Amino acid sequence: MSELLYMQDFDVEKCEAQVLLISPTEDGRTDVILDKTCFYARGGGQDWDTGVISAGDASFKVKEVRLDEQGDVHHIGTYISGVLNSEDHVACKVDHERRATNTRLHSAGHVIDMTVDKLGLDWIATKGQHYPHLSAIEYSGTWEPEQSDELRAAIEKQVNDFVQQGMENSLAFMPVDDMHKVVKHVPENIPKNKPGRVVIYGGSYGVPCGGTHVKNTAEIRAFKIISESGV
């Protein structure tokens, strides 16, 4: 199992690690597994990190990151120069701009959840997608289409209020069975291949999540609803 450094620190984008296994992929690329990693693997509606793994003259471009059921992180990509070998000690560097964009979109989704709770809506989040080309959250609950304009304005205002307050967030690790003590709704599909973690937004709103998050809500900058629909 790879140690997931990005779960332990809001800002980790660099680390040193050791190569455990290198193997070819079916499409002709290379798969590198490390003992620890700062690269986020796609999951929970958030896209993977990209970046570079290097050692001496070897430089490897990470184009895709996957987490398997055993908890091993697969860094998939191609060589820029040289080759890596098993047991090499390497330096890892995440593409900052991509990480920052994905983190802001992902965190904005959780601030929407805070807003839904603040406004007293009987909605429960069922699915989230946090990508630059598509960022959306699906909820189950009551919906009155004729009130959509009023509701949209209220949600936008409250989310931006939370953002502008610059609320500090914190991390807490715990068994899934204990999460109900700090989380209002614990999903049934929490992954078992990574540590149980709750992100506390603003000191009081607990979110069970293994993705990357802003340390302060001000990093989200601004929020706007582009469209909405209900069935």
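The values are calculated or read from the model by the stated rules, or taken from the named source; none is laboratory data. Just so we're clear, the structure is a prediction, and the values are computed from it rather than from any experiment. Note that we place each Cβ from the backbone using ideal geometry, even for glycine, and neighbour counts take in every protein chain shown. Just so you know, the surface numbers come from the protein's heavy atoms only, side chains and all, with ligands and any DNA or RNA stripped out. Shrake-Rupley method; radii C 1.70, N 1.55, O 1.52, S 1.80 Å.
Summary table below
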| item | result |
| --- | --- |
| Condition check for D49: part of a loop (DSSP other than H, G, I, E, B), under 23 Å from the mean Cα position of the chain (by Cα) and either closer than 27 Å to A125 by Cα or without any contact (Cβ under 8 Å) to a residue 24 or more places away in the chain (or both) | yes |
| Test: residue in the range 7-21 that is within 26 Å of G128 (Cα to Cα), at pLDDT 95 or above and among the small types (G, A, S) | no |
| Within the range 191-221, tally of residues that are free of Cβ contacts under 8 Å to residues at least 60 places away in the same chain, small (G, A, S) and either outside any helix (DSSP H, G or I) or open to solvent by less than 20 Å² (accessible area, probe 1.4 Å) (or both) | 4 |
| Those residues of the range 99-156 which are assigned to a strand (DSSP E or B), in contact with a Gly (Cβ under 8 Å, 6 or more places away or on another chain) and of a type in the set (S, T, N, Q), in sequence order | Q129, S135 |
| Residue match in the range 110-129 (condition: buried (at least 21 other Cβ atoms within 10 Å of the Cβ) and in contact with an Asp or Glu (Cβ under 6 Å, 6 or more places away or on another chain)) | no |
| Flag if E188 is over 21 Å from L134 (Cβ atoms), without any contact (Cβ under 8 Å) to a residue 12 or more places away in the chain and charged (D, E, K, R) | yes |
| Residue among K63, K93 that is outside any helix (DSSP H, G or I), free of Cβ contacts under 8 Å to residues at least 60 places away in the same chain and in contact with a strand residue (DSSP E or B) (Cβ under 9 Å, 6 or more places away or on another chain) | K63 |
